[in-house]
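Here is the structure we will look at.
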Amino acid sequence: MARTRSERHWSASVGLHLALVLAAVVAVFPPLWLLVTSFKPKNDAFTTSLVTHFTLDNYTHVLTGTSFLTWFGNSVVVVALTTVIGVFTAATTGYAVSRFRFPGMRPLLWLLLITQMFPVAVLIVPLYNLLASLGLLNQPLGLVLTYLTIAVPFCAWMMKGFFDTIPVEIDEAGRVDGLTPFGTFWRLVLPLARPGLAVTGFYTFVTAWAEVAYASAFMTGEDNLTLAGGLQTFVNQYSNDWGSMTAAAVIIAVPAALVFAFAQRHLVAGLTAGTTKG
């Protein structure tokens with residue numbers, strides 16, 4: 001019986017490790033093949049072989065022969081505004097619904113939840129008409145506002161959960177010391193919610209950095225495009241420049257990876273600090 005159990009344990013362990021290896025290969029293969037293709041000549045883009053003729057021509061063409069740097073600058077502006085405004089709005093909203101009781105609070109919570117149920121495709125037309133009436137089409141501010149409609153409701157719910165875990169006695173201590181409600185939030189409560197701020201900032205960044213539908217619908221003209229819209233100029237009904245497409249995708253992935261590493265480091269540091277204080 002002992003041998004049978006040992007054999008079962010061994011077979012289960014082997015099966016688990018094989019499944020994990022298979023899942024890792026499936027997850028890593030697409031970005032790895034994207035990276036490999038970006039170093040191939042354009043004529044070898046569809047070959048299944050590895051890099052036989054290493055070249056940086058695709059990256060050179062993207063950076064010097066296209067408007068990629070303009071698209072990159074537009075995306076940085078939109079992402080920076082979206083992240084700063086989104087994190088601040090989500091944090092203040094989450095703190096308000098966590099700490100205060102006011103008329104309309106429950107409908108507000110339901111509204112934040114229900115807005116997550118609408119697909120992006122359903123909202124493109126009404127948002128387009130709204131931005132057109134406000135004169136915000138082809139404007140970075142218009143794109144920022146649309147991204148906030150995606151990020152803020154979810155992040156506000158998430159921040160409410162973080163603020164719920166912070167003892168109310170901290171707020172009471174701040175009021176005893178003469179702080180205003182906003183002063184208590186800013187100086188005492190917000191530093192304790194660093195893990196939530198890190199996750200909120202990363203989610204908001206990814207929402208604005210990787211979104212395609214709104215960027216394609218609301219921004220036209222080569223000088224107004226963001227990276228998401230600019231990528232579509234490489235592969236469309238008129239041209240198929242897969243080499244430039246993959247090179248641009250690799251460059252775009254670098255800032256996202258750096259932001260993830262930064263957010264992850266602060267998330268772990270915040271959790272450790274909270275455990276120590278507890």
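Quick note: the coordinates plus some simple rules give every number you see, no bench work behind them. Predicted, not measured: the structure shown is a model, and the values here were computed from it. So basically every Cβ, Gly included, is an ideal-geometry build from the backbone, and we count neighbours across all protein chains shown.
Residues considered: L123, L130, L108. Of these, the only one that is part of a helix (DSSP H, G or I), under 26 Å from A256 (Cβ atoms) and not β-branched (V, I, T) is L123. None of N129, N138 is more than 30 Å from G183 (Cβ to Cβ) and touching a residue at least 60 places away in the same chain (Cβ under 8 Å) except N138. Is there a residue in region 197-218 that is among the acidic types (D, E), touching a residue at least 60 places away in the same chain (Cβ under 8 Å) and closer than 23 Å to L112 by Cβ? Looking for residues that are among the acidic types (D, E), touching a residue at least 60 places away in the same chain (Cβ under 8 Å) and closer than 23 Å to L112 by Cβ, one finds at least one in region 197-218, hence yes. The number of residues in region 143-180 that are crowded, with 19+ Cβ neighbours inside 10 Å and of a type in the set (V, I, T) comes to 5. Close contacts from region 157-186, counting a first residue that is without any contact (Cβ under 8 Å) to a residue 24 or more places away in the chain and a second that is of a type in the set (S, T, N, Q) and in a helix (DSSP H, G or I), with Cβ to Cβ under 7 Å and a gap of 6+ residues or different chains, come to G174/T184; R175/T184.
Which residues, counting only those in region 9-36, are surrounded by 10 or more Cβ atoms within 10 Å (Cβ to Cβ), within 30 Å of N58 (Cα to Cα) and not aromatic (F, W, Y)? I'd like the intermediate steps shown before the answer.
Here is the first cut: in region 9-36, the residues surrounded by 10 or more Cβ atoms within 10 Å (Cβ to Cβ) are 9-25, 27-29, 31-36.
Retained after the next criterion (residues that are within 30 Å of N58 (Cα to Cα)): 24-25, 27-29, 31-36.
Within region 9-36, A24, V25, A27, V28, P31, L32, L34, L35, V36 qualify.
Provide a single number: the residues in region 116-126 that are in contact (Cβ under 8 Å) with a residue 12 or more places away in the chain and either surrounded by fewer than 16 Cβ atoms within 10 Å (Cβ to Cβ) or acidic (D, E) (or both).
Pass one, region 116-126, residues in contact (Cβ under 8 Å) with a residue 12 or more places away in the chain: 116, 120-121, 123-124.
Keeping just the survivors that are either surrounded by fewer than 16 Cβ atoms within 10 Å (Cβ to Cβ) or acidic (D, E) (or both) gives 116, 120-121.
Selection size over region 116-126: 3.
Could you please let me know if V77 is under 30 Å from Q139 (Cβ atoms) and either among the hydrophobic types (A, V, I, L, M, F, W, C) or part of a loop (DSSP other than H, G, I, E, B) (or both)? Yes; evaluated as a whole, the condition is true for this residue. Restricting attention to region 128-171 and to residues that are acidic (D, E) and in contact with a helix residue (DSSP H, G or I) (Cβ under 9 Å, 6 or more places away or on another chain), the residue that is farthest from F218 (Cα to Cα) turns out to be D171.
Confirm whether Y95 is in contact with a helix residue (DSSP H, G or I) (Cβ under 8 Å, 6 or more places away or on another chain) and over 21 Å from M158 (Cβ atoms). Answer is no for this residue.
How about region 224-254: which of its residues are closer than 25 Å to G142 by Cβ and either of a type in the set (D, E, K, R) or part of a loop (DSSP other than H, G, I, E, B) (or both)?
Residues of region 224-254 that are closer than 25 Å to G142 by Cβ, as a first pass: 224-234, 236, 248, 252.
Of everything in region 224-254, those that are closer than 25 Å to G142 by Cβ and either of a type in the set (D, E, K, R) or part of a loop (DSSP other than H, G, I, E, B) (or both) turn out to be N224, L225, T226, Q232, T233, F234, N236.
Go through region 177-219 and give me each residue that's over 23 Å from the mean Cα position of the chain (by Cα) and at negative phi. Can you show your working first?
So the first thing to find is which residues in region 177-219 are over 23 Å from the mean Cα position of the chain (by Cα), and the list is 177-189.
Of everything in region 177-219, those that are over 23 Å from the mean Cα position of the chain (by Cα) and at negative phi turn out to be D177, L179, T180, P181, F182, G183, T184, F185, W186, R187, L188, V189.
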